[in-house]
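Note sheet for the following structure.
The values are calculated or read from the model by the stated rules, or taken from the named source; none is laboratory data. The structure displayed is predicted, hence computed values, not measured ones. Neighbour counts run over all protein chains shown; Cβ positions are idealised from the backbone, glycine included. The protein model used for the area step is the full one, side chains on, heavy atoms only, and it has no ligands, DNA or RNA in it. Shrake-Rupley method; radii C 1.70, N 1.55, O 1.52, S 1.80 Å.
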Amino acid sequence: MKAIITVVGKDKTGIVAGVSSKIAELGLNIDDISQTVLDEYFTMMAVVSSEDKQDFTQLRTEFERFGTSLNVKINIQSAAIFEAMHNL
């Protein structure tokens, strides 16, 4: 299973640490990651994977709830769906 995680929000200390910890807690591996601060806004994109099948509904709920605690928006989507959307 491969997925794309995006994180957007007002920049503050601890976002990368928090999101990375949550990714590991949920049994996902970070394959690639890119982050930057644009003006005052933090943006991050990560490609994650797991050898196990994952429930995207549960992952989405977990990341949305966790994003609220960090005051950022976290989204996860299947890499296959992401690629299909961008190949049209």
**Item:** Residue count, region 1-28 (criterion: under 14 Å from Ala79 (Cα atoms) and not β-branched (Val, Ile, Thr))
**Value:** 4
**Message:** Could you check region 26-45 and list, in sequence order, the residues that are assigned to a loop (DSSP other than H, G, I, E, B), open to solvent by 70 Å² or more (accessible area, probe 1.4 Å) and in contact with a strand residue (DSSP E or B) (Cβ under 7 Å, 6 or more places away or on another chain)?
**Reply:** Glu40
**Request:** Find the residue count for region 39-57, including only residues that are at pLDDT 95 or above and within 18 Å of Ala24 (Cβ to Cβ).
**Result:** 6
**Request:** Filter region 1-25 down to residues that are open to solvent by 70 Å² or more (accessible area, probe 1.4 Å) and hydroxyl-bearing (Ser, Thr, Tyr) and give me whichever is nearest to Leu70 (Cα to Cα).
**Result:** Thr13
**Request:** Report the residue count in region 74-88 for those that are in contact (Cβ under 8 Å) with a residue 24 or more places away in the chain, open to solvent by less than 60 Å² (accessible area, probe 1.4 Å) and either outside any strand (DSSP E or B) or closer than 15 Å to Lys22 by Cβ (or both).
**Result:** 5
**Asked** (1) over 13 Å from the mean Cα position of the chain (by Cα); (2) at pLDDT 95 or above; (3) open to solvent by less than 50 Å² (accessible area, probe 1.4 Å): which one isn't true of Asn71, the others all being true?
**Response** (3)
**Message:** Just the residues that are assigned to a helix (DSSP H, G or I) and exposed (fewer than 11 other Cβ atoms within 10 Å of the Cβ), please, taken from region 46-68.
**Reply:** Thr57, Gln58
